[in-house]
Amino acid sequence: MSNVPDENARTHAARIDARADHLRLVVRDGAPALLFHWFWLRHQAPEEVHPTTRERVLDARHVALDARPRSARLEDQVLVLEWPTGTSRFPLAWLEEHAYARETTPLAPPPHDVDAIRVTATAHESLASLAAEALERTRRDGAVVVLGAGLDTEAIIDGFAAQGLAVRGTHFGRIEDLRTDNTSNQNTDQLGYTDAPVDLHTDQPFLEEPPRYQLLHGIRAAEDGGENLLVDAAAATRYLRGVDADAFEVLTTTTVTFHRRQRGFEKVLHAPLLRVDGAGELVQVRHSYFTFAPFREPFDRMEGFYRAYQRFARVIHEPAHQWRLLIAPGDFVLYDNHRTLHARTGFRGPRWVRGVYFDEVSR
C-alpha cells in the first residue's frame, strides 16, 4: 500500500492502485493495467492549458520528478487527482488513448505486513526448534520476528548453533550491547550506541564478506520510541528494476567507497551498492549512509549516480514498503544482512538491545 490515499478503488469496473511513484489503472475487467508516472500526470493535467487557445502552459521543466498527489480517486469515468496546488480530472478514455505503458506482469512492491514474518516462541518445544523455524523463514523472507523467546541471549545463540550458525565476532566484540551507557564493547563511537535515530542500512558493508545474519534481542524497552524498521532489499531491487531500469543499471555497475573509521578500527572497501546475478536478482546489498565515503566517478556520470541512489532511496523509504515493529523484552529479530535493510527510530530513556552476528558453517 502507498501513503497516497486510494479512494473509491472500484467504479464501473475501473480500478486504481496508487503506488508511491506511479499510478496503476485498470480501465475494465480483463484489460491489462495501465501505468502512469505521477510526474507525467502532473505535466499532462488537463487544467494546465490557456483558457482561450487551449495550448499547454506548463513546461515539463517545472514539474518535480517526485511530484505526488495528496489523493487519487475515481468519479464515474474520471480519475481525480488532488495535488498540493489544485485538482486534475482525467477522463479514463483519454488516459487509455494516451497510455504509454501496459503492465505485463504485476509489479509487487516490497512487503510491509509484519504479521507475515512473526513467530511465537510458545508454539515450539525448544529454542532449537524455534531457531530452526526462524532461520528457515529468514532464508525465505529475509527476516523474522520472534515473540517471547526469553532474556537469555546465550540460550538463543545455542539454538542457532544447533542449526549450523556460528557467532561472528567483529570490531565491536562477540556480542554488542546496544545501550547508551555501554562500557563493555569496543569501538562504541557509532550511532547504534546513542539514542539518535539510525536510518536504513546494512551492517559492516566495508568488509569484503559482511556477516550474513544479525540477531537483535530485546532486553529492555525504551520509555518512548526505538521502533525498528526492516526492508526486503531483494523485493526493492526487483521493484526498482521494473520502475526505473536505468537506476537499477547504475546502482549495480557503479563502484562506490565504504569507509569505517573509529577509535580502534579502520577499514575501506570499494564495491557497488547492489550485486545481482545474471537474472538481475539480488545477491547482496551494501547500503550504509554513515560509512558512504567520497568515491571517484567521471564528471558526466556522477549526477546520474546520485539520481539513481535517490530513486532507490524513495523505494525503500516508502512507509508502505517497510516492516515496522517494536522489539519488546524477550523478543528478537533475525535478518539476512546481505538482503535486508534495517533502521531504528530515536528514543528516550534506557533501551537495551543485544546484537549478535552469525555466519553459516554448515547446512
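Considering only DSSP states other than H, G, I, E and B, which GluC sites (Glu not before Pro) in region 77-157 qualify as loop sites with at most 11 other Cβ atoms within 10 Å?
Sparse-neighbourhood loop GluC sites (Glu not before Pro): Glu125.
Does anything in region 30-72 have its amide N under 15 Å from the 7 Å Cα→Cβ label point of Glu96, and if so which residues?
Under 15 Å, as judged by backbone N against the label point of Glu96, lie 30-35 of region 30-72.
When a/c reaches 1.5 or more, the comparison of a/b and b/c decides; with that in mind, is the chain rounded, prolate or oblate per its Cα gyration tensor? Kindly include the intermediate steps, with their values, before the conclusion.
Working: a/c = 2.25, a/b = 1.78, b/c = 1.26.
Cα axes put the chain in the prolate bin.
Rounded, prolate or oblate for region 40-80? Axes are the square roots of the Cα gyration tensor eigenvalues, ordered a ≥ b ≥ c, and the cut-off for rounded is a/c under 1.5.
Values: a/c = 3.36, a/b = 1.20, b/c = 2.80.
It comes out oblate by the Cα gyration axes.
Restricting to Cα pairs below 8 Å that are 6+ residues apart, what does the relative contact order work out to for region 89-167? Please round to a whole percent.
Numbers: 57 pairs, mean separation 23.1, N = 79.
Dividing the mean separation by the residue count of region 89-167 yields 29 percent.
Can you put Trp323, Trp83 in order of Cβ neighbours within 10 angstrom, beginning with the fewest?
On the way: Trp323 26, Trp83 17.
If I rank by nearby Cβ atoms, fewest first, I get Trp83, Trp323.
Please arrange Val361, Val144 by how many other C-beta atoms lie within 10 Å of their C-beta, fewest to most. Write down the numbers at each step before the final one.
On the way: Val361 9, Val144 22.
Going from least to most buried by this count: Val361, Val144.
Calculate, in nm to one decimal, what Thr257 and Arg275 gain on full extension: separation in residues at 0.36 nm each, minus their alpha carbon distance.
Working: separation 18, 0.36 × 18 = 6.48 nm, distance 1.44 nm.
5.0 nm is the gain from fully extending Thr257 to Arg275.
Output the relative contact order of the chain, whole-number percent, from Cα pairs under 8 angstrom with separation of 6+ residues.
Details: 759 pairs, mean separation 82.0, N = 363.
23 percent.
Just Thr194, Thr120, Thr153 to compare: in a GNM of the chain, with alpha carbon springs under 10 Å, which one fluctuates most?
Taking springs between Cα atoms under 10 Å, the residue moving most is Thr120.
For the Cα atoms of the chain, what angle does the longest principal axis make with the long axis of helix 299-316, in degrees from 0 to 90, nearest 10?
Tilt relative to the chain: about 80 degrees.
Over region 6-98, what is the relative contact order in whole percent, taking alpha-carbon pairs under 8 Å and six or more residues apart? Could you put the intermediate results ahead of the total?
Numbers: 152 pairs, mean separation 23.9, N = 93.
Answer for region 6-98 is 26 percent.
Build a GNM of the chain with springs between Cα atoms under 10 Å: which of Val167, Val49, Val198 gets the top mean-square fluctuation?
Answer for the Gaussian network model of the chain: Val49.
I'd like to know which of Ala279, Leu165, Thr252 lies farthest towards the positive end of the charge dipole of the chain, counting +1 on Cβ of Lys and Arg and -1 on Cβ of Asp and Glu.
Thr252
Taking R0 as 22 Å, what FRET efficiency do you get between Ser129 and Glu154 from their Cβ-Cβ distance, rounded to the nearest 0.05? Intermediate values should be presented prior to the final figure.
Working: r = 18 Å, r/R0 = 0.80.
My answer for the efficiency is 0.80.
Measure nothing but the geometry: give the 0 to 90° angle between the long axis through the Cα atoms of 233-243 and the longest principal axis through the Cα atoms of the chain, rounded to 10°.
20 degrees
Go ahead and run the numbers for FRET between Thr85 and Glu303, Cβ-Cβ distance against an R0 of 35 Å, rounding to 0.05.
Numbers: r = 27 Å, r/R0 = 0.78.
After rounding to 0.05, the efficiency reads 0.80.
Quick check: the angle from helix 127-141's long axis to the longest principal axis of the chain, C-alpha only, nearest 10 degrees?
30 degrees
Anyone know which of Val146, Val78, Val119 comes out most mobile in the 10 Å Cα GNM of the chain?
Between Val146, Val78, Val119, it is Val78 that shows the largest mean-square fluctuation.
Arranged by the count of other C-beta atoms within 10 angstrom, fewest first, what order do Phe36, Phe258 take? Before the final figure, lay out the partial values.
On the way: Phe36 19, Phe258 24.
Going from least to most buried by this count: Phe36, Phe258.
Points 7 angstrom from Cα along the Cβ direction at Thr180 and Asp359: gap in nanometres?
Inter-label distance under the simple model: 3.5 nm.
No lab work stands behind these numbers, since they all come straight from the coordinates. Please read all numbers here as calculations on a predicted model, not as lab measurements. Cβ atoms come from the backbone with ideal geometry, glycine included; neighbour counts cover every protein chain shown.
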